[in-house]
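Single-structure report; data block below.
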Amino acid sequence: MSSDIRLAFAHPSERAEATSGNELRDRISLRDHIREVEIGAFQQERGTLQRICFNIVVEVQLPELTGAGGVDDDVDKILSYDTITEAIDRELQAERLNLLETLAAKVAEDILADPLAARVFVRIEKLDRGPGALGVEIVRDREMLASVADVVMEAAPLVAYLGNDVIASDDLGKVLDVLENANAPVVLCVPMGQALAPQASNPAAQRRIDLLALEQNAWMLAARDRRCVVVSTRTELDWAIKQNQMSVWAPSKLVLDATGGSEVDTRDAVALTQWLAKEFDATRVISIGEMAQGAGNVLSVDEVLAPRDLLG
């Protein structure tokens, strides 16, 4: 077996050593760390746990030497093994992911947030999808992350829940004008449409039906004004928020992929709006329309169109 082929299947620690440069670095590693998680793009992988195995090597800057030529035996001056396991914990808890590649990249980025981490090798394998281990391995370093860093300052969005009376109103365009001038990116949320969604005896199926019913109403709003762009993924929402754009939230993907999404009542559009606002650290949540209860402050169309500061 050639050296290249052997290294391709070697532990990340061997690959790190083989690809090291002239700069001396220490390495810490986590081997055969197994977790049970819900992950995968296929429908049969939803709602079930499967084992995945992490092997991670982190190259770190050399510790400061003492005057006698030894090292400073201070735990606060080294990169802790907890940095690796806590990065895994944070990314597994953040959201449900479809791809091992995405999880590996997120874990690597999390680890490299530690100023002592210089380069990281991450290998993740699924252990229950076949007779062997199916996996991915990536390498990231601080310079690579810096070259693709988004320099746009993140903004906190204004989340606005629109009633069906507003969506159908001749004043919709005027309401959107006011929201557009609120000096914040706007994420619009909608209630169920006027028609009753189909009812299913299976709870998991009903959750999807409810979410799709909300998305149908989102598209009805989008059809009324070209500024209302329907978005469904966290990446799309993040991008729209950073670009200070107006979006209409289609909730299925975020809710179904969120680690805490199963706790949200998909029949309650107000609760979903409040959940989204918390997920994206909204600067303010308002509801517009004739409704007894909404998310945040409930404003009539007349109140919105009156001169006011929606973010005040």
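Summed over the stretch 276-312, the residues that are under 19 Å from GLU180 (Cα atoms), of a type in the set (Gly, Ala, Ser) and in contact with a Gly (Cβ under 9 Å, 6 or more places away or on another chain) give a count of 5. Kindly establish whether VAL230 is more than 21 Å from LYS106 (Cβ to Cβ) and under 21 Å from the mean Cα position of the chain (by Cα). When the stated conditions are applied, VAL230 passes them.
Per the conditions (1) crowded, with 19+ Cβ neighbours inside 10 Å; (2) within 30 Å of ALA295 (Cβ to Cβ); (3) at pLDDT below 95, the sole criterion not satisfied by MET153 is (1).
Yes/no matrix, rows are residues, columns are (1) touching a residue at least 40 places away in the same chain (Cβ under 8 Å); (2) buried (at least 16 other Cβ atoms within 10 Å of the Cβ); (3) in the same structural domain as ARG27 (by TED's automatic domain parsing):
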{"residue": "LEU92", "(1), (2), (3)": "yes, yes, yes"}
{"residue": "LEU97", "(1), (2), (3)": "yes, yes, yes"}
{"residue": "LEU103", "(1), (2), (3)": "yes, yes, yes"}
{"residue": "LEU112", "(1), (2), (3)": "no, yes, yes"}
{"residue": "ARG119", "(1), (2), (3)": "yes, yes, yes"}
{"residue": "LEU127", "(1), (2), (3)": "yes, no, yes"}
{"residue": "PRO131", "(1), (2), (3)": "no, no, yes"}
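From the list LEU158, LEU179, LEU172, the one residue that fits, being out of contact with any Asp or Glu (no Cβ under 9 Å at 6 or more places or on another chain), touching a residue at least 40 places away in the same chain (Cβ under 8 Å) and under 14 Å from LEU221 (Cβ atoms), is LEU179. Residues that are surrounded by 18 or more Cβ atoms within 10 Å (Cβ to Cβ) and either in contact with a Lys or Arg (Cβ under 9 Å, 6 or more places away or on another chain) or not in a loop (DSSP other than H, G, I, E, B) (or both) within the stretch 190-211 comprise ARG207, ASP210, LEU211, listed in sequence order. Out of LEU24, LEU65, LEU7, one residue alone is assigned by TED's automatic domain parsing to the domain that holds GLU125, touching a strand residue (DSSP E or B) at 6+ places or on another chain (Cβ under 8 Å), more than 17 Å from ARG96 (Cα to Cα) and at pLDDT below 90. It is LEU65. Scanning the stretch 87-99 finds no residues that are at pLDDT 90 or above, part of a strand (DSSP E or B) and not basic (Lys, Arg).
In the stretch 234-254, of all residues being more than 11 Å from the chain's Cα centre (by Cα) and of a type in the set (A, V, I, L, M, F, W, C), the one that is nearest to LEU196 (Cα to Cα) corresponds to ALA250. Which condition number does ILE286 fail, the rest of (1) under 14 Å from VAL159 (Cα atoms); (2) within 23 Å of the chain's Cα centre (by Cα); (3) surrounded by 14 or more Cβ atoms within 10 Å (Cβ to Cβ) being met? Unmet for ILE286, out of (1) under 14 Å from VAL159 (Cα atoms); (2) within 23 Å of the chain's Cα centre (by Cα); (3) surrounded by 14 or more Cβ atoms within 10 Å (Cβ to Cβ): (2). When each of VAL187, VAL166 is tested for being assigned to a helix (DSSP H, G or I), in contact with a helix residue (DSSP H, G or I) (Cβ under 9 Å, 6 or more places away or on another chain) and at pLDDT 95 or above, the lone residue that passes is VAL166.
Every residue in the stretch 266-312 that is of a type in the set (Phe, Trp, Tyr) and touching a residue at least 60 places away in the same chain (Cβ under 8 Å), please. Scanning the stretch 266-312 gives a single hit, PHE280.
For every residue, the table says whether it meets (1) at pLDDT 90 or above; (2) over 25 Å from TRP275 (Cα atoms).
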{"position": "ARG142", "(1), (2)": "no, yes"}
{"position": "LEU158", "(1), (2)": "yes, no"}
{"position": "GLN199", "(1), (2)": "no, no"}
{"position": "ILE209", "(1), (2)": "yes, no"}
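The values are calculated or read from the model by the stated rules, or taken from the named source; none is laboratory data. What you are looking at is a predicted structure, and each value in this text was computed from that prediction instead of being measured. Using ideal geometry, Cβ is built from the backbone for each residue, glycine included, and neighbour counts are taken over all protein chains shown.
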